[in-house]
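Take a look at the structure below.
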Amino acid sequence: MSTLRRASLRHLWQHPGQLALALAGLALGVATIVAIDIATASARRAFELSLAAVNGAATHQIEAGPPGIDPALYVALRRTPLADADPPPPYQPLLSAYATIGERTLQLIGTDPLAAAELGGAAGSAALGNPEQVRDWFTRAGAVVLGADTARELNLAPGADFELEVAGRPVRAHLLAVLDPAQAPGLEDLLLTDIAQAQEWLQLSGRLSRIDARLGGPAAVAALRDLLPPGTRLEPTRAAARESFALTGAFTTNLQAMSLLGLLVGVFLIYGAVSFAVLQRRPLFGVLRALGTTRAELLRLVLGEALLLGVLGALAGVALGVLIGRELLQLVTRTINDLYFVLAVREVTVPTPTLAKGFAAALLCALTAALVPALEVAGCAPRLPLSRSVLEARATRLARRLAGLAVLLLLAAGLTILGSGRSLFGGFAALFLLLLAVAALAPAALQALARASARLTRSARLRLALADIGASLSRTGVAVAALGMALAAMIGVAVMVESFRVSLREWLAETLRADIYVSAPGPAASLGRRLEPQVIAAILATPGLRAHSEARRAHVDSAYGELEVNALRLVPGSAGAFRLLQGEPRQAWPAFDRGAILISEPLAWRLNLHPGATLPLVTAEGLRGFPVAGVYREYGNERGELLMDLDTYRRHWHDEALGALGLYLQPGVDVPATVVALQRAARGRQALFIRSNAQLRELSLQIFERTFLITRVLYWLAAGVAALGLLSALLAWQLARARELALLRTLGLTPLGSAALILTQTLFMGLAAFLAALPAGLLTALVLTAVINRRAFGWQIGLHLHAAQFLQALLLALVTAAVAALYPSWRASRVGLAGALREE
Amino acid sequence: MPRLRIRGALALLAVAAHAAPLPGPAPGFEPVLAPRALHFPADHGPHPAFRQEWWYFTGHLAASSGERFGFELTFFRFALAPPGAAPAGPSSWRARELYLAHFAVSDLGARRFRYRRKLARGALGLAGATGEPLAVWIDDWRLRAAPGEEGVHWHVSASEPGYALDLELSTDAAPVLQGEAGFSRKGAEPGAASYYYSLPRLAARGTVRRGGAALAVQGLVWCDREWGSGGLGAGQAGWDWFGLQLSDGSALMFYALRTRAGTRAPFSAGSFVAPSGHAQPLDSAQVRIEAEGRWRSAEGTVYPSGWHLSVPSLALDLRLTPELTDQELVTTPRYWEGAVAVRGQRGGTSLGGAGYVELTGYAPERPPGTGSSLGPRLAR
């Protein structure tokens, strides 16, 4: 090792606190990225595994509209060759629904294991083990198979008889066997049963939800397509799977953006640490240059230190990221389960690219951050290191230039928003430009603020403190920039979440008009989610009802892929529950009654449809165009939905089932008492969700809160990184000022006074960061609500401001600043004056 | 004979053989305890009172161009529950029976062996069997009586990737009742028996499709029919089955049951059908068989390959040579079932012929419960 390198290492070693903080900041930034990646990758992997377990080697799937597929089609297909020379391809019939065991919801898969085995689906073939198991699978009432882990969690052993709920009805099941996860991965949280049993439980006489197929090539696909009756469609399995997971696309993009923010703050930290480490050694470097060390050698030295920091930070960050990722996965899974589909994640997947990405990010950040100080050092003349004053003068010039850059960044952000059309990525890019602008503006703002405040105050001490901030811009500026950026993001996110919450609450109040809602359990648009006719009769016979609305949700195919239909029979006069954003109510509703549809705002955005357009849907009779009469506000479904009159729906899809009722009570009738009466009416027939208007509202808001929990966790992580940054920068600055303070002490400053001085300075900087973050945070909130939300989900949110959103940020800024002042204050109060002044 | 089928197919579906340690009949099913009169065409059809049953076709076909093919097409019926048992539910997918079929083609010119398996429940018309008119099917693989025809005028069809078979089968000869007037014992225990008859020389005419090309073919087909409710005799490991159609118009069937100790079990038996159609039973002592070669499959199983078969009492001396060495079906269980060429003499006169040999119990079985008995192989 060269002397140069040894000197460098020794320097780092002699400043462990500084080193640790820089490392912690970098590690936390990297960890956030890695954690998000791990959580989303694990969720995706679990999703794919469970699909593969059911689908096997299927290449395509046949689906039909709401009433499902007639099994005669399956029988006929198995007999029909798709080409002269080849036998018919393997098919697998499937009926999927949801079942509840206790508190746990599982995906119920009804399949034919013989067909599944032919297709290579683990779900089916794993169901056949020993001879008794085969016999019982087909002939024993209630026979099911579960993954071993799921069975253990439910306290069920093979041979157990237990009760479960399918479509709200209690049924008896018998656990035939459990499947070893090593042999049948992806089967956890699936409840496998024979297709006959699934049909009996769902009371779907003979219908199938899907037929999987393995097709040899485009010719077979075309031939099969020709064979299919109207109302059915053939889709590549992968595309269907992608589409299912793509449901979560906007959600995962959101997460990744948040993690980048964390890293960005990390870059500032590294910059602060490296530049400080360099500045401390300016005299040394000057001497080294005089002794013959070349510029290139110095450059290499500084960059080498940064690289070392980067590697250490990457190692720590990746390890930390894996840990955080595990925890974050719980949150991600819960959100997916709340909003999208039932998913159990058993394994934490750590993708190699993620680790590589984490490493690369750490190294890149470290090197980028070190480049400016390194170039500066390399540029300094032999023997004549720049004095601090020259350096700070330079920093001031730089701050001014950065302020100019900030204006350009702001302009770029605006142009990006305008120029990126509907691109979500463009929205996030603009957001980052905006945050960078905040960072670039912060040093100049800090200086200006410090000077202005100094002019306003009469206290000499305060003036001294403020002047010092302005004069040490190379350090204070960086700290304030990092904190300001984090605070701006924090304010933006808080405003966005609160705005969304208020909009949602208003929308719920407007939309939920009935006093009581009754619905069959299960995912909104699943085939099995229907109220039984005798249960409907019993409910409607309950005394105290004035009127009721009827609803059925279904997935139908369209020229744009699968869409969710909300078929409704409204109570007269309740059309106001749907606020039309486009289209004239006086024309739209009569058209609706005649067969036109209304589309929700997210759907209108996604498909770029407006009133007057025609939406082609695949009905039971084939493709048919439906005129769009209006666009309504809807926050419940980010993929969007379309509203259709129940009679129109029944006419075109031959589906008489109802999924939900909205009950309007006569004046003076007690709601809770009626809920109890309704529960009694349905008892023993079908388990239903019977909720009062208030309960439903409460539940919707709860789900909303859970969804944004992750966002909250992430922004606290980002804020944590920023706080660390401020801490490390302030600490470094204050420690370097030990001599100055000692001088002040000889001039009469008491230990307490020096602590107060330090505290004043850090608090001022925290305040400055906050002030810079205020307008920036508002801008960020605006971008998040009006650009990001619009582009991700299609809906528009009104901006709602709240003091708490800002107070939180202020609190964070001040607390961080105060904490940063603690150690230097303590040191300054105990410093040995002689020692500190010796060099003077 | 049990032709693989009891042990093989049942293990395959894992329904009965392992489940019933004693070969006695399963409760609720009719046991096979004594001879009974067989009536045709009724007995060509299914026997739902019994637990298992099969229709087994093997044959040699030749096209006018000289192309030669061997094939195996089998249908198995397995009852999951006795006939009177109430179904567990009302779904139209509820099934009391499962059906299994194997279809294998030995393309002798191309020296290629291809096979496929089908499994389906007896519900919704996916698979099933009816007596009058005779029909047995899984999807588009079927056996059915030609409409309007009396006697044995059947139609069989099946397809697998690359090959499809479509044949008319007919014979005027009466079925050959194996064993004691069709009562075929497999072991000493009561119920270790089945009803068993053969149609050893069905005239076949039809087409073999290879790739896109249809070849007109004709040839001779052997049909075995067997049903019962019990399993194999105790201590038996497998069997070697021979069905030979000789050029002088005669036919010979023999099954050698092998014990776990490697010796031939005493219940091994067969029959010889003279050109006149007269059939005489053969007991184990009358038939000598020596394996003349061995073949090791890719999976490491060693099968005998090539035989010297003689029946001194008939002055019959034959050498059997596999048309292809590899005619192994890698299913669960694995077995070898292949076309053989026959050369030899009877009463000093040299003759030729063709036949099928089935070898079971050579490959080690996976213990039940280790994953799917239907296995990934099915994906072929």
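The values are calculated or read from the model by the stated rules, or taken from the named source; none is laboratory data. Every value quoted in this text rests on a predicted model; they were computed, and no experiment measured them. Here the Cβ positions follow ideal geometry from the backbone for every residue, glycine too, while neighbour counts run over all protein chains shown.
Every listed requirement among (1) modelled with pLDDT of 95 or more; (2) buried (at least 19 other Cβ atoms within 10 Å of the Cβ); (3) of a type in the set (Gly, Ala, Ser) is met by residue B:123 save one, (1). The residues of segment A:447-461 that are surrounded by fewer than 18 Cβ atoms within 10 Å (Cβ to Cβ) and either polar (S, T, N, Q) or in contact (Cβ under 8 Å) with a residue 60 or more places away in the chain (or both), listed by number, are A:457, A:459, A:461. Across segment A:64-73, the number of residues qualifying as surrounded by fewer than 23 Cβ atoms within 10 Å (Cβ to Cβ) and at pLDDT 80 or above comes to 4.
Listed by position, the strands (runs of 3 or more DSSP E) enclosed by segment B:250-350 that each have at least 1 residues that are under 20 Å from residue B:200 (Cβ atoms), aromatic (Phe, Trp, Tyr) and in contact (Cβ under 8 Å) with a residue 40 or more places away in the chain are B:251-259, B:269-273, B:307-311. Of the strands (runs of 3 or more DSSP E) lying entirely inside segment A:552-624, those containing at least 2 residues that are surrounded by fewer than 16 Cβ atoms within 10 Å (Cβ to Cβ) span A:614-619.
Of the residues making up segment B:105-143, those that are of a type outside the set (A, V, I, L, M), under 21 Å from residue B:50 (Cβ atoms) and within 14 Å of chain A (Cβ to nearest Cβ) are B:121, B:122, B:128, B:137.
Each row is one residue, and each column tells you yes or no for (1) over 22 Å from residue B:306 (Cα atoms); (2) buried (at least 21 other Cβ atoms within 10 Å of the Cβ).
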site: B:209; (1), (2): yes, no
site: B:221; (1), (2): no, yes
site: B:229; (1), (2): yes, yes
site: B:240; (1), (2): no, yes
site: B:244; (1), (2): no, yes
site: B:249; (1), (2): yes, no
site: B:254; (1), (2): no, yes
site: B:264; (1), (2): no, no
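Across segment A:766-816, what is the number of residues that are part of a loop (DSSP other than H, G, I, E, B) and either touching a Lys or Arg at 6+ places or on another chain (Cβ under 9 Å) or not assigned by TED's automatic domain parsing to the domain that holds residue A:473 (or both)?
Count: 5.
Kindly check whether there is at least one residue in segment A:173-193 that is at pLDDT 85 or above, facing another protein chain (nearest Cβ under 8 Å) and touching a Pro at 6+ places or on another chain (Cβ under 6 Å). Taking every residue of segment A:173-193 in turn, none turns out to be at pLDDT 85 or above, facing another protein chain (nearest Cβ under 8 Å) and touching a Pro at 6+ places or on another chain (Cβ under 6 Å).
Within segment A:467-495, residues that are assigned by TED's automatic domain parsing to the domain that holds residue A:808 and modelled with pLDDT under 80 have Cβ atoms under 7 Å from residues that are in a helix (DSSP H, G or I) and of a type in the set (Lys, Arg) in these pairs: A:470/A:451, counting only partners at least 6 apart in sequence or on another chain.
Exactly one residue out of A:821, A:792 is farther than 26 Å from residue A:752 by Cβ, aliphatic (A, V, I, L, M) and at pLDDT below 85, and it is A:792.
Only one of the numbered conditions (1) in contact with a helix residue (DSSP H, G or I) (Cβ under 9 Å, 6 or more places away or on another chain); (2) modelled with pLDDT of 90 or more; (3) surrounded by fewer than 20 Cβ atoms within 10 Å (Cβ to Cβ) is not met by residue A:651, and that is (1). Any chance segment A:521-542 includes a residue that's surrounded by fewer than 23 Cβ atoms within 10 Å (Cβ to Cβ), in contact with a Gly (Cβ under 7 Å, 6 or more places away or on another chain), modelled with pLDDT under 90 and not in a strand (DSSP E or B)? There is at least one residue in segment A:521-542 that is surrounded by fewer than 23 Cβ atoms within 10 Å (Cβ to Cβ), in contact with a Gly (Cβ under 7 Å, 6 or more places away or on another chain), modelled with pLDDT under 90 and not in a strand (DSSP E or B).
Annotation: residue A:514 fulfils all but one of (1) under 22 Å from residue A:635 (Cβ atoms); (2) in a helix (DSSP H, G or I); the unmet one is (2).
Remark: pairs (first residue in segment A:91-114, within 18 Å of residue A:134 (Cα to Cα); second residue surrounded by fewer than 20 Cβ atoms within 10 Å (Cβ to Cβ) and not β-branched (Val, Ile, Thr); Cβ separation under 6 Å; 6+ apart in sequence or on different chains) = A:109/A:96.
Here's the yes/no breakdown for (1) more than 27 Å from residue B:160 (Cα to Cα); (2) among the aromatic types (Phe, Trp, Tyr); (3) within 12 Å of chain A (Cβ to nearest Cβ):
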{"residue": "B:39", "(1), (2), (3)": "yes, no, no"}
{"residue": "B:52", "(1), (2), (3)": "no, no, no"}
{"residue": "B:62", "(1), (2), (3)": "no, no, no"}
{"residue": "B:70", "(1), (2), (3)": "no, no, no"}
{"residue": "B:76", "(1), (2), (3)": "no, yes, no"}
{"residue": "B:85", "(1), (2), (3)": "yes, no, yes"}
{"residue": "B:93", "(1), (2), (3)": "no, yes, yes"}
{"residue": "B:98", "(1), (2), (3)": "no, no, yes"}
